[in-house]
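Before any comments, here is the structure.
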Amino acid sequence: MGIFDFLTGEFIDVIQWTDDTSDTLVWRFEREGHEIKYGAKLTVREGQAAVFVHEGQLADVFSPGLYLLETNNMPVMTTLQHWHHGFQSPFKSEIYFVNTTRFQDLKWGTKNPVICRDPEFGPVRLRAFGTYEVRVTDPAKFMTEIVGTDGEFTMDEISFQIRNIIVAQFSAAIAASGIPVLDMAANTPDLGKLLAAKIAPSIAEYGLVLPNLYIENISLPPAVEAALDKRTSMGLAGDLGKFTQYSAAEAMTAAAANPGGSGGMGAGLGAGMGIAMAGRMMGDQGPWGAVPAAAPAAAPPPPPVEKVWHIAVNGKTSGPFSRAELGRKAEAGELSRDTHVWTVGLDGWKTAGELDELAQLFTILPPPPPTAKPAPKT
């Protein structure tokens, strides 16, 4: 090999990066002390951008394509170096490859509960978690604001900061949305879009964008969830007296099916409960028509839980209101058949005229007063 071939081999002729990782955002092309040959080939693949840094200054940025590093396609470098026409000498420069593809399935979540005011339950604490996607849209700004001189910058180094921005904006978005807690599960796609729009300006300062942000779950504290489950169970039970009789009949059937259990206690218990149930069915009379001694009166069941209603007018909700309050609003003309209402158990907002229990409010209004009869002529 001649001396000319040796000198030529000292300079880098092909510059490229093949990413074999799943979390690398920026990778610095390692020169190992070799200079870059003027006219070298630069290969930038799809999903990449190449950023040249010359003597600490950000120079040219190359999008996907094949380039010959010459004065005609390196305008910033040419200005910094004061290159003249016909320049052929090698030069030194740091080259960073930036990954511009989407990084998917990144996790976010609230470390501490977020306090917001619910129109039905009052102040509540919420937790939420989900996933998001991030992509570099401005390689030069990303290099200047975030990477600096890091030779291999990974997604883990910035994901913590993005999570903090998401959680901070989530608190503000939930507080300003006005959506009831019970309706949030049906509105998570809209909440995700609202949250992404609020985060976009802060992320853009880093040269990033969030193509998608998903809210997978919004949950209440365990004590509140237990109270909601109890309230739902009471609604499903309906008439508590009939529910108690049904439970006693089920216990009697189970005891009769296992007469030998616990030394015959099951059979005795089943017989006793059967006699008690029979007495109730016969109007509390004895087997020969005799009226037994008066038993102490059982305590009345708790009063049924009254439904409360919410009203939506021009995109704003109000309530909760009892049925009596809705009747007064109907009399005052503040509630019509076309007004949207909602209560626990409905799958969405309905007009008052669609619901039988509210449609009656518009049929009991008094008719118009009769017209006065003319006075008789004298």
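Here, each number is a calculation from the coordinates, and none is a lab measurement. Computed from a predicted model, the values in this text were never measured in an experiment. Every residue, glycine among them, receives a Cβ derived from its backbone with ideal geometry; neighbour counts consider all protein chains shown.
Points worth noting:
- The fewest-to-most ranking of Met155, Met184 by surrounding Cβ atoms within 10 Å reads Met155, Met184.
- Computed over neighbours whose Cβ is under 9 Å from that of Leu182, the net charge equals -3, Lys and Arg +1, Asp and Glu -1.
- Sparsely packed loop sites in region 112-175 (the chymotrypsin sites (Phe, Trp or Tyr not before Pro) outside DSSP H, G, I, E and B with at most 15 other Cβ atoms within 10 Å) comprise Phe121.
- Take each peptide in 47-60, 308-321, count the other Cβ atoms within 10 Å of every residue, and average; sorted highest first, the result is 47-60, 308-321.
- Within the shell of other residues whose beta carbon sits under 10 angstrom from the beta carbon of Gln104, the net charge comes to 0, with Lys and Arg scored +1 and Asp and Glu -1.
- Measuring nothing but how far apart in sequence close Cα pairs (under 8 Å, 6+ apart) lie, relative to its length, region 309-362 scores a relative contact order of 31 percent.
- Efficiency of FRET from Cβ geometry, Asp23 and Glu70, R₀ 22 Å, rounded to 0.05: 0.05
- Amide H to amide H distances under 5 Å link Ala59 with Phe52, Val53, His54, where only residues 5 or more positions off or on other chains count and H is placed in the peptide plane.
- Net charge over other residues, Cβ less than 11 angstrom from the Cβ of Phe153 (K, R count +1; D, E count -1): -4
- Among Ser93, Ser177, the ranking by other beta carbons within 10 Å of each residue's beta carbon, starting with the fewest, stands as Ser177, Ser93.
- Likely footprinting exposure, Trp17, Trp349, fewest C-beta neighbours within 10 Å first: Trp349, Trp17
- In region 103-222, Cα pairs under 8 Å separated by at least six residues give a relative contact order of 40 percent.
- Between Ala249 and Asn217, the FRET efficiency from the beta-carbon distance, with R0 = 41 Å, is close to 0.55.
- Average projection, convex hull of the Cα set of region 309-362: 3.4 square nanometres.
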